[in-house]
Amino acid sequence: MFDPQKILQQVLGGGDSSGGSQERKPGISGDTFKGAALGGIAGLLIGSKSGRKLAGSALKVGGVAVLGGLAYKAWQNWQAQQAGAAPPPTETVADATAQAEGSKFLPRQKADRDDLSLTLLSAMIAAAKSDGHIDATEQERIFARIDEGDFSGEEKGFLMDQIRNPLDLEALAAKATTMERAAEIYAVSVLAIDADNPGEVAYLDRLSKRLKLDQGLRTNIDAEVKATV
């Protein structure tokens, strides 16, 4: 069985890996953010970067719900700024996640949620490859971890293809069918890069331009990611 939501959850390495977003409660507890990616495939993808400290400053995300909530919170703040109003009283990404359920950021329909999961997976892997550091040796380490994971043959093939295939920024940007989806693609990309690596920062600049993100929205996403990691 090919389950995009489960794949994303397993790659991030945190929380419930059942993939059943229909049964998952909208609110995400603080425990979801604790060390999610440290033992997951994301830990290897991001751990291959120079200067990335997995202990303490690693990704602390738990799946499509939290990723959507992070982008939604940044979107709320940006819209308030556009209107000259105070930011909405949403204290945490977990709060925003609950509010985002049913919106374009976190659609309720399984098919839409699956499509979002695949898009965010592609974005995360593309960002991790953006500096060209994942060579054949790194790929083998990641593939070995994929083999150990709870994936079907089809799911393993999908992940390995995503890692093997050349970076295609245009194809990724084409998945941004709405501005909300563009914000989510950019948010997960920011989470997956090393902010101290000039090449990866340059990749974010190129991606932002392809996604046609408003600079104010981008600034808000950057701020929310910084507050999360």
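Readers should treat all values here as calculations from the given coordinates under stated rules, not as data from a laboratory. Given the structure is predicted, the values throughout are model-derived calculations rather than measurements. Positions of Cβ are backbone-derived with ideal geometry, glycine not excepted, and every protein chain shown enters the neighbour counts.
See the values below:
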| item | result |
| --- | --- |
| Burial order of peptide ranges 73-80, 194-201 (average beta-carbon count within 10 Å, highest first) | 73-80, 194-201 |
| Long pairs among Lys104/Lys129; Lys110/Lys212; Lys73/Lys156; Lys104/Lys175; Lys110/Lys175; Lys6/Lys156, criterion Cα-Cα beyond 23 Å | Lys104/Lys129; Lys110/Lys212; Lys73/Lys156 |
| Selection of trypsin sites (Lys or Arg not before Pro), the stretch 128-229, meeting DSSP coil and at most 15 other Cβ within 10 Å | Lys212 |
| Using θ = phi - 60° and Karplus 6.51 cos²θ - 1.76 cosθ + 1.60, couplings along the stretch 150-163 (whole Hz; Gly, Pro as x) | 8, 10, 6, x, 5, 5, 4, x, 4, 5, 5, 5, 4, 7 |
| Integer Hz, Karplus 6.51/-1.76/1.60 couplings in order for the stretch 93-102, x for Gly and Pro | 5, 4, 4, 5, 4, 5, 5, 6, 4, x |
| Kirkwood Rh in Å, taken over all unlike Cα pairs in the stretch 82-229 | 16.7 |
